[in-house]
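J.: Got a structure for you, written out below as C-alpha cells; questions coming shortly.
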Amino acid sequence: MNIHAIKSIYRFEMARWFRTLAQSVISPVLSTSLYFVVFGSAIGSRMQAIDGVSYAAFIIPGLVMLSLLGESISNASFGIYMPKWAGTIYELLSAPVSWIETVIGYVGAAATKSVCLGLLILATARIFVPYEISHPFWMLGFLVLTAITFSLFGFVIGVWATDFQKLQIVPMLVVTPLTFLGGSFYSISMLPPIWQKITLFNPVVYLVSGFRWSFYGVSDLNPIVSFGATLCFLAACLTAVWWVFKTGYRLKV
C-alpha cells in the first residue's frame, strides 16, 4: 500500500476544501439553519409530535442527511473531475499508484469533509432544537457509512461527467428529490398504503430511517434492514469504481 500517495491526494483535496470554506461549509450550514427556523420553530411548533418526538427534533436526521448526501457527491465528483478537465489525470494514471490508493485518497477526503459538515450541522441544530442521541455509536456509524457510500457514488459521477453541468444533474434532479421524498420531513407511515410500498423503492428512505433510529429509537423500517441496504449500495458503488478503473472508462480517453 502506497501510503505516501494516499496522503498526497488526501492532503491536496483537504487543502482545496479549506480554501473554499465559505462555499463548502458556511453556505450549507446557513441553508440548513433556515430549515430549522422555518420548519422547526415556525411550522414545527404548530404540528403534532411524530412517534413521540417533536416535529422540530424529528426532522433533524433528515436535514443532516439532505446536506450529507449532497456534499458527499459534490466533493467527490468535483475532486476527480478537475484532474480530468485539467489533463493532470494522466500523471496520476501513469504514477505507481493503484486504483485502490487513488480511491482511498479522493473518497477519504470527500467523506471526511462530509462527516465534519454533518457534525457541524448537528451542533448548529442544538442552538434551535433540543434533542438527544439514543445510540451515538450507531449514529456515527450511519453518518460515516453514508458519507463513504455517496462519496463513492460522487466519484463515479465525476468520472462519467464530461462538463461542469453534468456534475449537477444527478444531485439536483435525482438525489435531492429522492431525499425530500425519503421521509426527511415526515414519517412514511403517514402516507397512504400504496405510497408506503412505492416509497420502499427509494434508497434514501433506508438511510434516513436508520439514521433517525439512532437518535430517537424509532424508525419507519427495521434499522438492521436500513444498515443492510446501505451496505448493498456501498458494494454497488465499489463495483462501479472497480469497473471504471478496469476498463478506463472516460479516464484514458
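The values are calculated or read from the model by the stated rules, or taken from the named source; none is laboratory data. All values reported here derive from a predicted model rather than from experimental measurement. Backbone-built Cβ (ideal geometry, glycine too); neighbour counts: all protein chains shown.
J.: Go through the residues of the stretch 176-192 one by one and say whether even a single one is over 21 Å from I60 (Cα atoms) and either more than 18 Å from the chain's Cα centre (by Cα) or assigned to a helix (DSSP H, G or I) (or both).
T.: Yes - at least one qualifying residue is present in the stretch 176-192.
J.: Is it true that some residue in the stretch 135-147 is part of a helix (DSSP H, G or I), modelled with pLDDT of 90 or more, touching an Asp or Glu at 6+ places or on another chain (Cβ under 9 Å) and surrounded by 19 or more Cβ atoms within 10 Å (Cβ to Cβ)?
T.: yes
J.: Does Q196 fit the bill of being among the polar types (S, T, N, Q), over 30 Å from I100 (Cβ atoms) and either touching a Ser or Thr at 6+ places or on another chain (Cβ under 9 Å) or part of a helix (DSSP H, G or I) (or both)?
T.: Yes, satisfied.
J.: Then there's this: Looking at the stretch 1-28, I want the residues that are over 21 Å from L119 (Cβ atoms) and have a partner that is among the acidic types (D, E) and assigned to a helix (DSSP H, G or I) with Cβ atoms under 9 Å, at least 6 apart or on another chain. Which pairs are those?
T.: Cβ pairs passing all conditions: M1/E101; N2/E101; I3/E101; A5/E101; I6/E101; I9/E101.
J.: Related question: Restricting to the stretch 95-134, and then to whatever is exposed (fewer than 15 other Cβ atoms within 10 Å of the Cβ) and small (G, A, S), can you tell me which residue is farthest from L63 (Cα to Cα)?
T.: A95
J.: I'm checking my understanding of the structure. Among residues of the stretch 73-84 that are touching a residue at least 40 places away in the same chain (Cβ under 8 Å) and out of contact with any Gly (no Cβ under 6 Å at 6 or more places or on another chain), which one is surrounded by the most Cβ atoms within 10 Å (Cβ to Cβ)?
T.: Step by step, filter the stretch 73-84, then rank; the result is N75.
J.: Go over the candidates I3, I60, I9 one by one and state the one that is buried (at least 19 other Cβ atoms within 10 Å of the Cβ) and farther than 27 Å from V204 by Cβ.
T.: Going through I3, I60, I9 in turn, just one is buried (at least 19 other Cβ atoms within 10 Å of the Cβ) and farther than 27 Å from V204 by Cβ: I9.
J.: Report every pair of residues separated by at least 6 positions or lying on different chains whose Cβ atoms are under 6 Å apart, first residue within the stretch 198-224 and within 18 Å of E132 (Cα to Cα) and touching a residue at least 40 places away in the same chain (Cβ under 8 Å), second of a type in the set (S, T, Y) and surrounded by 15 or more Cβ atoms within 10 Å (Cβ to Cβ).
T.: Hits for this filter: V208/S184; G210/S226; R212/S219; W213/S219.
J.: Where in the stretch 2-97 are there helices (runs of 4 or more DSSP H), lying wholly inside it, with at least 3 residues that are at pLDDT 85 or above and among the charged types (D, E, K, R)?
T.: Here the list reads 3-19.
J.: Regarding G108, is this residue touching a residue at least 60 places away in the same chain (Cβ under 8 Å) and either part of a helix (DSSP H, G or I) or not hydrophobic (A, V, I, L, M, F, W, C) (or both)?
T.: Against the criterion (touching a residue at least 60 places away in the same chain (Cβ under 8 Å) and either part of a helix (DSSP H, G or I) or not hydrophobic (A, V, I, L, M, F, W, C) (or both)), G108 qualifies.
J.: Restricting attention to the stretch 226-253, report how many residues are surrounded by 14 or more Cβ atoms within 10 Å (Cβ to Cβ) and on the phi < 0 side of the Ramachandran plot.
T.: 15
J.: Determine which member of the set S31, S8, S54 is over 19 Å from the mean Cα position of the chain (by Cα), over 26 Å from A161 (Cα atoms) and small (G, A, S).
T.: Only one candidate qualifies: S54.
J.: Give me a count of the residues in the stretch 200-217 that are more than 19 Å from the chain's Cα centre (by Cα) and buried (at least 16 other Cβ atoms within 10 Å of the Cβ).
T.: 1
J.: Do you know which of the residues in the stretch 164-180 that are touching a helix residue (DSSP H, G or I) at 6+ places or on another chain (Cβ under 8 Å) and under 24 Å from R212 (Cβ atoms) is surrounded by the most Cβ atoms within 10 Å (Cβ to Cβ)?
T.: Checked the stretch 164-180; the qualifying residue surrounded by the most Cβ atoms within 10 Å (Cβ to Cβ) is T179.
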